[in-house]
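A short write-up of the structure that comes next.
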Amino acid sequence: MKILLDTNVWISGLLWGGNPRKIIQLAEEELITVYTSLSLFQELEETF
């Protein structure tokens, strides 16, 4: 499965867990493929 994660999903998954964290874990286990863009990385960088 291919998915594009919004910045909010990354932040929620990394900081609080829940379903967003489960999605990140699926990506870490290579059960799904996560796509992103430079603009999403820049938004994450600005947030942290």
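Remarks
- Listed by first and then second residue, the pairs with beta-carbon distance under 6 Å, at least 6 apart or on different chains, first residue in segment 20-31 and part of a helix (DSSP H, G or I), second of a type in the set (Ser, Thr, Tyr), are PRO20/SER12.
- Enumeration of residues in segment 17-41 that are modelled with pLDDT under 95, more than 15 Å from LYS2 (Cβ to Cβ) and more than 11 Å from the chain's Cα centre (by Cα): GLY17, LEU38, SER39
- Tabulated pairs, segment 35-48, first touching a residue at least 24 places away in the same chain (Cβ under 8 Å) and within 13 Å of ILE11 (Cα to Cα), second among the aliphatic types (A, V, I, L, M) and surrounded by 10 or more Cβ atoms within 10 Å (Cβ to Cβ), C-beta under 7 angstrom, 6+ apart or interchain: THR47/ILE11
- From the options VAL9, VAL34, residue that is outside any helix (DSSP H, G or I) and either among the small types (Gly, Ala, Ser) or surrounded by 15 or more Cβ atoms within 10 Å (Cβ to Cβ) (or both): VAL34
- From the options LEU14, LEU44, residue that is over 9 Å from the mean Cα position of the chain (by Cα) and surrounded by 13 or more Cβ atoms within 10 Å (Cβ to Cβ): LEU44
The values are calculated or read from the model by the stated rules, or taken from the named source; none is laboratory data. Remember, it's a predicted structure, so these values are computed and weren't measured experimentally. Note: ideal-geometry Cβ built from the backbone for every residue, glycine included; neighbour counts use all protein chains shown.
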